[in-house]
Structure formats: structure tokens, C-alpha cells
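Here's the structure, in C-alpha cells; my notes come after.
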Number of protein chains: 2
Amino acid sequence: MRIKLSEEELATHRDGIKKVMDEKNIDLLCLFSPRDIFYLTGLYLIQTERPAGLLFDGKYTTAFVPTLEREHVEELGGVDEIIAYGEYPGETHPVEQLAGVIESRNVEKLGVDSDGYTGGMGYQGPSLSEVLEVEIEELPRMIEDIMQVKTAEEIELIEESCRWGNLAHRYLQDYTEPGKTENDISTQASLDASRVMLKTLGEEYYSPKGASLPASAGFRGQIGKGSAIPHALTSNATVKEGDVLVTGALANVGGYVSELERTMVVGRPTKKQTKFFKYMVEAGDIAMDAIKPGAKFSDVDQAVSDFYKENDLEEYWRHHTGHSIGFGGHEAPYFDRFDDREIKTGMVVTVEPGLYVPGFAGFRHSDTVLVTEDSSRMLTYYPRDLESLTV
Amino acid sequence: MRIKLSEEELATHRDGIKKVMDEKNIDLLCLFSPRDIFYLTGLYLIQTERPAGLLFDGKYTTAFVPTLEREHVEELGGVDEIIAYGEYPGETHPVEQLAGVIESRNVEKLGVDSDGYTGGMGYQGPSLSEVLEVEIEELPRMIEDIMQVKTAEEIELIEESCRWGNLAHRYLQDYTEPGKTENDISTQASLDASRVMLKTLGEEYYSPKGASLPASAGFRGQIGKGSAIPHALTSNATVKEGDVLVTGALANVGGYVSELERTMVVGRPTKKQTKFFKYMVEAGDIAMDAIKPGAKFSDVDQAVSDFYKENDLEEYWRHHTGHSIGFGGHEAPYFDRFDDREIKTGMVVTVEPGLYVPGFAGFRHSDTVLVTEDSSRMLTYYPRDLESLTV
């Protein structure tokens, strides 16, 4: 049972980055993105108004954090050295202090993921190039691009996430009945799934991103007519007989997530509901068939597009067929007709060709799918058929 | 009972921005920040890989969104016009399409909050200045600065948030007992408070940011020795007799939040626990006394610093005394010794001078405080004394 990346894996990540640095004659890397810092260390430093960054010289890692994070980072481990500055804004701006640290390393060429800290929450500060007299190369997508192809351990974490998303969804379906509100159903399902998840995984479970509910499931407002709005927001509607519901469930394991979404029908499905449901499921099958290493992301979306066109359903289609997923809930590349990037073994993607009929209902399943050596395999395993999804 | 900003208030916001535009000879404004768009429209457009923005010509608002958001925005209202593009990445990049819309308006000078979309989730795209031949003035902090002083309606929303944070915290305290895990306590408290909140506020309640739990309370790992780590993360520790607990509760009302944090002791407090607790509470009182219009933010932090120095407690101090709050959980300015910005009537801030004793425990209350005409008033009203906080 894997609940976080191993030390060995993180060391492999650092070795890979060191090679890129060598190729580019970069002798020091400065990272600000929480994702990029996580990739090298397993540490997830939440972005606030207080700058935090990571230095990597190809061998050693140095976390540059505010004093209030020192003991936190010490306890979490993952870095060789911690340099703590007082506070933001403080007497000397933290980024100027960071520049001082970089200068003391006799750097000839600095690599950065962004030219300065980008934290938000009212943060203001200079870019590194404004306060440093050193050659800087920006590599904003170096780690993002590497992370597109998942490692065996990352896939294990995503599969573990699927397991708990599945449980949350099962509770969601079990608790769904006419007269209950969206919030009543979803909070109880999320609470119960999170409890079982934590009791099963034990005290070692740790969510780097700090989720208060490790597993959750809900409707995000996609209830009844609201189901026709792809990104509705929670509004606490009451479930009624005859409603179509579009769900979503996820769980956070070691920093990784998965996506499980289903269309459910409350009471006996009507002919019209059944028709759209079946087309949507078939579109998912068509997408699955099109996913194989060497094909393009656009091929998959095109297959779905052709299918919907053939069946006069194009007007009900609102978004492309899916996206990559893993550390982020949405990652590139996307199953979009105009995204010609190549599908590669080890990528993890969502398949979710939805149909949305304004004023009537929306229909969307989303599954998390691994690209295998020669085709693809669903990592989510919740039933997809209408009978199983009728409550 | 106020649960969202009124149409009149939003119109006032737009009028204020129009004045700034007139002063700067800006004939069209293009906003990408969800906060900035919310300020003009009440709409909160979540940032994904699909660009979304708002155009404002001083009179009319136009939302530029992906097709899948069209019906969503139509339903939410708040804008005069919606222009929907197909999909990201799509055949023509959405930002190029947006540039086309801007060009069609015969703009001489464009104001922007950022020179391009900054969504993340794998998004890539050009800046506006790369695709537009028009004078552009960047105003990244125009709306952020205006929002530092809260309006009467904003204060009402923050007070309403305090009420529900208080309830979540009450449940949290009620459910806390030795042998229970962090997650068991906090998820039950959050669920119960959210349910009561939604049943009380009714179906009109709407969380623009889409929180799945409208009210929540928890410990974020600050349990026992973990309480000494200011920004610990949830780790599901078990509560034990003798533990010091540092809590946090919040609720989202109409896009606005508040902050309520308390230090609780499980079982009869020891002398050492009592000592640090009392100093921490006294530091909060000292900060409150220092908050008045016309003083500087740094004055407040300096007063706390002096008090901790006098009492040999400086080594246990890890972060400044507080921050502004409202639409964002952390906003500028900050109660920091080096933040000399002026305290103004109508600002809302947190007061939270914590003490952290490594290996022993941490002590922090945080209250949400309104700057009044001549001093300040706590909007949070949960008990602050040790007796009330002993469980």
C-alpha cells in the first residue's frame, strides 16, 4: 500500500533534474512553484504572502522559508538545509535576502521556474532579475513537462486515490434520495469516506496539500436542470424524483488525485434521459478505444466529435473530452481537437465526453485512465451503466 | 440578513472604477483576476486552463468565457453580455480571440490587471501585449487597494461569516475529547455547522467560490506538540489528556471570510500552559489597544514585540501579529513591524500574536477585528479565557 512517494523516487527526480541542469550549464536552480518544489523534495509549501522557495545545486536542496515554517519543514524533512528569514515584509525584503543567499553560492547561471515569487495574498516584491546580477534562464515548464508521464509510484498513488474516491461515491449514491439536500448528502458521504480512509491508511497518511477532507464526493450544483451546467457550483438544491444528477468524487493520496464522475437518475429513467445517457456512455467507450501510445490527444477528441456529429448531438457538447491528471486536478495535455501532442505510455488522463441539454439535464461520466504499453486501462472502477446508477 | 453584495453596491464599485479609468484615459478595462472580476460583477470565475476574463468600458460589462461556462454565467447573472469561445486550446487561441474582441472596440488605451491570463492547470498562452497593438496600462493592485477598506455591506458579510465560524468552533470544542482523532472531530463539527448554516440561510445561500463545506473548523495538525508548529497540516493525530490544541474556524458568506482561532487545553491546564496562554491573551489585548485609525500597521506589531521582549518571550514568537482579511483569507496590509501603511476606518484585520514553544506547545488566538471610527471592535465573539477553553 503506497501513500506517498519514496525517498528513492525523489532521489531519481533530483538526478533527472541534475542532468537537465548539466545540459544547460545551470549551476543552481531556484524554484517557487509548490508543484516543482514537491517534485524534488516531497515537500509541499503552501503559497501565502510569505515567499518560500527551494534552491538545488544538483546535489543538495535548501529550503528558503519564513521563520514560522522552519520547524514545520524540519519535521516534514525532505531538504538538506533550511534557511529561515524573519517575516514578510520584514526589514529587508525576503526576495532580497534570497538573492543574497544565491549570490553567496558564486552562481554563473541560475535556473528558475519563475522570475520571482508569485504567491498572492497581497504579496508584492521584486523579480529575481531585478535584484541579482547573474544570468538567469527561465524554465517554467521543465518539471510540468516531465510530470506528464507518470512513474510507477505516481500511478500507485493515483490508483489508491481512485479506491477512496470510489468509496466516497458509493456513500454518495447510497445517501441520495428525494427530499434530501445536496449538502446533506455530500457532506455525510465525504465525512464517512474520509473517516474510513484515515482509519484504513493509519496515522502515516499525510496529505501534502493539507486537505481537510481527504476523500470527498458531491454534486457541485449539478442537480436536476442544474446538471446541464458543466461547472455549476454548490447551491444546496433539494433532490427530487426524476432529477438527473452529475456527481464528482476525489481523494488526495500523497499529493496525487484522481477523478470519478457519474450521471445518476433519481427514479425510473425516462426515454429521453436514457437516450442521452447511452450516447454519453458510448462516447466514453469510443474515446477509450482511441487512446493508445503514439496517437495524438486530438485524435481522441476528434473521434468523440465525429460520433456526436453522426448522431446530431453536437449542439449538446460543451467541452473537450478530457485532460491529464495526477498531481494537479487538471494538467496538460488535453483531449482537444487542436491539441496535437502525443499520447505516451504512463500518462494518466480523464475521459469525460459530456452532453448538456439546457433546461433539461446534463450527462457526464468521468473516468481516470492510464495509458498502457499498447492501449489504456480505466483506474476508476465504479459502475457506468444506467441500471447501477439509478437511485 | 445579508448573504451577498447587493446590485446597488456592485454598481457603486463599477462607478468607482469608471472614475479611475477616466482619470487615466483608459477606455476599456480587461480583468483576469477572479477577485477583480467579482468586485465589478459579483461573479466568481474559477481559474482553470480555460481563460476567462471581463471587459468593462465604464458602463457595460462583458464576460469572455469558454462555451461550457456560458449557461453558468447566464444563470448567475451580473454581466451585461457574454462572449463565449469554443474551447482551450482550440483552433484559435482564446487570448487571440479576446484580442479580436478588444480590437473591435476601437480602444486607444487598455487597462489590465495583468498582461495576460494566469490560470495554471497547464495553461499556456501569449500576453495581451504580444497580440494587441494598443497602449496597455497594467493596474495589478487597483482593485486590491480599493478593497482594503471594507464597505458596510462587506462588513455585514464578514460578520455573518463570524457567526457561522463561531458555531463551527462551538461544535469543535463540544466534540473534542481524549481518544478521538483530529479528523473525526473536525469533520463532524464542519458538517454539523454547515448543515445548520444552510438550513438557516436557506436556498438563497450561495458561495461564489464554491466551498463544499460553507462552514468549517479544525486543528490543521496543531495538536499536542504539533501545536507549536504555526502552519502544521492535518495529520490526523489523536487527542490526548494534557494536549494543547490550536484551532481554526471559518465560513464563506457571499465570497467573504473571517478568521477565528483559539487555543484549547485538554484537561486541567499546567502552570506552564497557563503562563504562555495568559501572555498570549495579553498580547492580543495590547494589539487591540494599538489599533486605531491613523496609526500605522507597524505600530501594532511593535507594541506586541515590545511586550514579548519585556517578558523574555521573543524566542517563542514566529510571525507578525496579523493581516487584513475579507475577500481573501490573507490580505495586505499586515501587522508587521516593517509595514508602515496607515490603519483606516473600515479595514478588517486579524489579531493573532502567537507563542510557539518547540517540543512543548503553541498558543494562538486569532480574532477578526473591525477598525472603527476611533478604535476597533472584535467581530469574532468566541470566549478567549482559559477556563472557557479547557475541555
Express the C-alpha Rg of the stretch A:152-378 as a ratio against the empirical globular expectation 2.2 N^0.38 Å, rounded to two decimals.
1.00
Relative contact order (%) - criterion: Cα under 8 Å, at least six apart; region: chain A:
14
Lysines whose Cα lies under 19 Å from that of A:K24, excluding same-chain neighbours fewer than 8 positions away:
A:K59, A:K109
Taking a 1.4 Å probe, which of B:K275, B:K150 shows the most accessible area, and what order do the others take after it?
B:K275, B:K150
Rounded to 10°, Cα long-axis angle of helix B:67-76 versus longest principal axis of chain B
70
Antiparallel %, DSSP beta bridges [both residues in chain B], to 5:
75
Sulfur and carbon atoms: percent of accessible area, the stretch B:95-139 [1.4 Å]:
38
Across the Cα atoms of the stretch B:21-84, what radius of gyration and what greatest pairwise Cα-Cα distance (Dmax) are found, in Å?
11.4, 37
Using the Kirkwood formula over every pair of different C-alpha atoms, what hydrodynamic radius in Å results for the stretch B:329-391?
13.8
Taking chain B and counting helices only, DSSP H stretches of n ≥ 4 at -39,500 (n - 2.57) each over all residues, the nearest-500 ellipticity at 222 nm comes to -10500 deg cm²/dmol
Just how much of B:S104 is accessible, in Å², when a 1.4 Å probe is used and the result is rounded to the nearest 10?
80
If the viscosity is 1.002 mPa s and the temperature 20 °C, what translational diffusion coefficient in µm²/s does Stokes-Einstein give for the protein assembly as shown when Rh comes from Kirkwood over Cα pairs?
79
If every Lys and Arg gets +1 and every Asp and Glu gets -1 at its Cβ, then about the Cα centre the protein assembly as shown yields a dipole, in debye to the nearest 20, of 2740
Amide H to amide H under 5 Å from A:G362: which residues, 5+ apart in sequence or cross-chain, H placed 1.01 Å off N in plane?
A:S227, A:A228, A:V357
When every protein chain stays in place and a 1.4 Å probe is rolled, A:V149, A:V348 sorted by accessible area with the largest first are A:V149, A:V348
Using the eigenvalues of the Cα gyration tensor, what equivalent ellipsoid semi-axes result for chain A when each is taken as the square root of five times the eigenvalue, whole Å, largest first?
42, 24, 19
Per-bin percent of Cα-Cα distances, the stretch A:7-146 [10 Å]
12, 47, 35, 5
Per q in 0.17, 0.20 1/Å, what log10 I(q)/I(0) does a Debye calculation on the alpha-carbon atoms of the stretch B:206-286 return?
-0.77, -0.95
Bridge orientation stat for the protein assembly as shown from DSSP, antiparallel percent rounded to 5, came to 75
Heavy-atom accessible area per residue, the stretch A:7-146, 1.4 Å probe: how many Å²?
42
For A:I146, tell me the accessible area in Å² from a 1.4 Å probe, rounded to the nearest 10.
60
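The values are calculated or read from the model by the stated rules, or taken from the named source; none is laboratory data. These numbers come from a predicted model, not from an experiment. Neighbour counts are summed over all protein chains in view; Cβ atoms, including those assigned to glycine, are modelled from backbone coordinates with ideal geometry. All accessible areas refer to the heavy atoms of the entire protein, side chains included, with ligands and DNA or RNA removed. Shrake-Rupley method; radii C 1.70, N 1.55, O 1.52, S 1.80 Å.
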